[in-house]
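Quick notes on the structure that follows.
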Ligand code: ADP
């Protein structure tokens, strides 16, 4: 296995939108895999109790003894649970359904908002990018991600009510920024599940670009059947359908991300 040298500083990016089904896990997997294929060293942290980022990469969750839950709640180190080389350049810190309990159990812990940040501190320099796939809520798990992250990537589905809840998300971000993580900023907003044949998709895209301005990535992720099929084969889109539109889009996004610095 070739040794990859991490050049420059690690970027820790939380992939967040408290709405479910907007493409958080899909983006975590496929952006991570595309950057890995470009020669970057990437860690994905699955912070969603549903564990779709883990299972979508073929990780058998019920065979795991420990997951990110144990890192947040006990003395388990992040390195103890990381599964290396799940794909080219890609390591994964998986989640199992145990993580669902963490939201409640963390409440009584010391330094409960900073658990993930502390854990990430031990592995930071080993990666170019660390992506955190957040759960669809603004609870303590998401607060842990907001405290640990340098930046946020917000996927927005090109559907009705696309911007619904965004104000609440930005309020949470501002609160964490002012109290716990002054450097926190939006890294980018990503339009997902875009269907160029519908006026709705075009309208939503225009509305989102109008609201967020230049933070919106030029790359738009199209809605494709292949993207939705890939997780059941445990593969990122660049392995499942390397020449298709989905792989092309996530590859373009990876280039944009690496250029954004
Ligand atoms: P979230 O993590 O925000 O809950 P997911 O990434 O799990 O959202 O996506 C929700 C559903 O939509 C999944 O079934 C996924 O396979 C599907 N999906 C996501 N992105 C696309 C896309 N670009 N084209 C088609 N289906 C998609």
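Neighbour counts of other Cβ atoms within 10 Å put 71, 7, 189 in the fewest-to-most order 7, 189, 71.
Ellipticity at 222 nm from helices only: DSSP H runs of n ≥ 4 in the chain, each -39500 (n - 2.57), divided by the residue count, give -10500 deg cm²/dmol. Whole Å is fine, so just give me how far the alpha carbon centre of segment 100-140 lies from that of segment 174-231. Each part reduced to its Cα centre gives a spacing of 23 Å. Taking a ≥ b ≥ c as the square roots of the eigenvalues of the alpha-carbon gyration tensor, segment 116-261 is classed oblate because a/c is 1.5 or more while a/b is no larger than b/c. Using a simple spin-label model with pseudo-atoms 7 Å out from Cα toward Cβ, residue 66 and residue 226 lie 3.9 nm apart.
When only Cα pairs below 8 angstrom with a gap of at least 6 residues are kept, segment 11-260 shows a relative contact order of 26 percent. A Gaussian network model of the chain, with springs between Cα atoms under 10 Å, assigns the largest mean-square fluctuation among 162, 206, 145 to 206.
Once a ≥ b ≥ c are taken as the square roots of the eigenvalues of the Cα gyration tensor of segment 191-261, is the result rounded (a/c under 1.5), prolate (a/b larger than b/c) or oblate (a/b not larger than b/c)? Oblate, because a/c is 1.5 or more while a/b does not exceed b/c.
Projecting label points 7 angstrom from Cα along Cα→Cβ for residue 195 and residue 5 puts them 4.9 nm apart.
Starting from the Cα gyration tensor of segment 11-260, take the square roots of the eigenvalues, sort them a ≥ b ≥ c, and report rounded, prolate or oblate (rounded when a/c is under 1.5, otherwise prolate if a/b is larger than b/c, else oblate). Oblate, since a/c reaches 1.5 and b/c is not below a/b. With a cut-off of 16 Å on the backbone N, the residues of segment 3-18 near the modelled label site 7 Å out from residue 185 along Cα-Cβ are 9-14.
Each reported figure results from applying straightforward, stated rules to the coordinates on display, with no laboratory input. Computed from a predicted structure; not experimentally measured. Cβ coordinates were reconstructed from backbone atoms using ideal geometry, including for glycine residues, and neighbour counts include every protein chain displayed.
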